[in-house]
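The values are calculated or read from the model by the stated rules, or taken from the named source; none is laboratory data. For clarity, every value in this text was computed on a predicted model and none was experimentally measured. Here the Cβ positions follow ideal geometry from the backbone for every residue, glycine too, while neighbour counts run over all protein chains shown.
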Amino acid sequence: MVLAVAGIVIGIGLVLGLFVFAIPSLTESGTVQVQLGDDRFEAGSAARLSRAIAADGPLLFSDVSSGQRDIYLQHAGPSETEGWLAFDARRPAQPRNCSLQWQRDAGEFRDPCDATVVAADGTGLLTYPVTVTDEGTVIVDLNPDDPSTTEVAPPPS
């Protein structure tokens, strides 16, 4: 009986030690990374998406997992397989309620929080590489090795 109780006490002590010391020290040191979802986002058929963008403007894809990586998918190419662009739906350091809004008549985006204009190609925003597979599927790489940012658009005068 004493041996069983001692085993339970030791087991509880080990579990508590794991949660109190080991896990916090690993997460604080940056050696543990939690990654949910896939690095590659399969947006769909290039033919279907290019028709939808031509009719209604760039497509907004919301990041439902964290809300930090909402993106716009834009098509500005001469064919269904060329000219695909993917970029953040917000200007750097803007909160989620400042997601850019497509201005159909002007052919540009506008920040609803301060009226800054952003070009249709996402100039000034973090961009993501886009490829079209041989089967015609649009793929966005959400975690590229070298994300790029184009020149920041100036605020309206």
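Structure above, values below:
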read-out	value
Per-region count, region 39-70, residues of a type in the set (S, T, N, Q), free of Cβ contacts under 8 Å to residues at least 60 places away in the same chain and surrounded by 14 or more Cβ atoms within 10 Å (Cβ to Cβ)	1
Near pairs, Cβ below 6 angstrom, 6+ apart or cross-chain, from region 71-85 (surrounded by 14 or more Cβ atoms within 10 Å (Cβ to Cβ)) to any residue that is polar (S, T, N, Q)	75/50; 80/50; 85/74
Members of region 87-138 that are closer than 20 Å to residue 41 by Cβ and of a type in the set (Gly, Ala, Ser)	89, 99, 122, 136
Candidate set: region 73-110, residues that are among the charged types (D, E, K, R) and closer than 25 Å to residue 143 by Cβ; chosen: the one farthest from the chain's Cα centre (by Cα)	82
Pairs with Cβ under 7 Å, 6+ apart, first in region 93-117 and on the phi > 0 side of the Ramachandran plot and assigned to a loop (DSSP other than H, G, I, E, B), second surrounded by fewer than 17 Cβ atoms within 10 Å (Cβ to Cβ) and of a type outside the set (A, V, I, L, M, F, W, C)	115/156
Residue in region 106-113 that is surrounded by fewer than 17 Cβ atoms within 10 Å (Cβ to Cβ) and under 24 Å from residue 39 (Cβ atoms) present	no
Residue, farthest from the chain's Cα centre (by Cα), within region 25-67, restricted to residues that are modelled with pLDDT under 60 and outside any loop (DSSP other than H, G, I, E, B)	25
Region 126-138 - residue that is touching a residue at least 40 places away in the same chain (Cβ under 8 Å) and assigned to a loop (DSSP other than H, G, I, E, B) and, of those, surrounded by the most Cβ atoms within 10 Å (Cβ to Cβ)	129
